[in-house]
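Just below is one structure, and these are the notes that go with it.
The values are calculated or read from the model by the stated rules, or taken from the named source; none is laboratory data. Remember, predicted model here, so these are calculated numbers, not experimental data. Neighbour counts run over all protein chains shown; Cβ positions are idealised from the backbone, glycine included.
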Amino acid sequence: MESVSPQPAGPTGELPTGELLTLVQNIVLISEVPPGSALTAAQSAGDQCMWCTVTDPAALNRVEGMGTWWPPRTCAPCLSARIAKVHTYLLWAWHTEECEPCTDGRRCGAAIPLGEAHANALETATGSRRVVCVRCHQPDDVLAQGLRPHRWLGEAAAYHSYQHGLKCLRVGEGFMRVL
């Protein structure tokens, strides 16, 4: 079994390369690989893709960046889908962090194709366009009005999540909900 490192196209067809590809792959390793407790026996043994039902040994590959001692494997389509999900998320997040209308929870004309590309990549990778707002904890479609990527630094890692605009800062009877 050899290592795979596919390169997904972004919203305008560009492929991540160099440092961007390394960043995307590292985020996939940190945030997309399921915890061992969530894997089936076949997935834990490396006999089935960690994200789908593929069991053909010729189609299963070691995840680049994981030690050879770690048995879980992935098929190329699932890994490509996860890389595309993270890549399109980052492109959309970077834009929303720098764009004043997008920072306020609106969506400018440049953000629309970035959000749509991410929604498509998210659905391909997970089978759903539903995400949960990190502030109000409500599930919503990733392209719901006011929802945007939200990156934040935790104690041990950077987190990649989503949040509504100002509407989710107040929950219930005027109380502000904090993490």
With respect to His137, is the statement that it is part of a helix (DSSP H, G or I), under 17 Å from His160 (Cα atoms) and not charged (D, E, K, R) true? no
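Here's the yes/no breakdown for (1) at pLDDT 85 or above; (2) under 17 Å from the mean Cα position of the chain (by Cα):
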| residue | (1), (2) |
| --- | --- |
| Arg106 | no, no |
| Ala110 | yes, no |
| Asp140 | yes, yes |
| Leu143 | yes, yes |
| His160 | yes, yes |
Looking for something among the aliphatic types (A, V, I, L, M) and in a helix (DSSP H, G or I) - is there at least one such residue anywhere in region 61-73? no
Expected output for region 129-152 (first residue within 18 Å of Glu97 (Cα to Cα), partner crowded, with 18+ Cβ neighbours inside 10 Å and acidic (Asp, Glu), Cβ below 7 Å, 6+ apart or cross-chain) is Cys133/Asp140; Leu147/Asp140
(1) at pLDDT 90 or above; (2) among the hydrophobic types (A, V, I, L, M, F, W, C); (3) in contact with a Pro (Cβ under 8 Å, 6 or more places away or on another chain) all hold for Val24 apart from (1)
Can you list residue pairs whose Cβ atoms sit under 6 Å apart, with the first residue in region 67-85 being closer than 15 Å to Ile27 by Cβ and the second being hydroxyl-bearing (Ser, Thr, Tyr) and surrounded by fewer than 23 Cβ atoms within 10 Å (Cβ to Cβ)? Count only pairs 6 or more apart in sequence or on different chains. Ala81/Thr124
Give region 105-122 a look and list any residue that's in a loop (DSSP other than H, G, I, E, B) and of a type in the set (D, E, K, R), or say none. Arg106, Arg107
Need pairs with beta-carbon distance below 8 Å; first residue assigned to a helix (DSSP H, G or I) and within region 25-45, second acidic (Asp, Glu); sequence gap 6+ or separate chains. Gln25/Glu64
Can you name the residue in region 46-60 that is in a loop (DSSP other than H, G, I, E, B) and aliphatic (A, V, I, L, M) and, of all such residues, is surrounded by the most Cβ atoms within 10 Å (Cβ to Cβ)? Met50
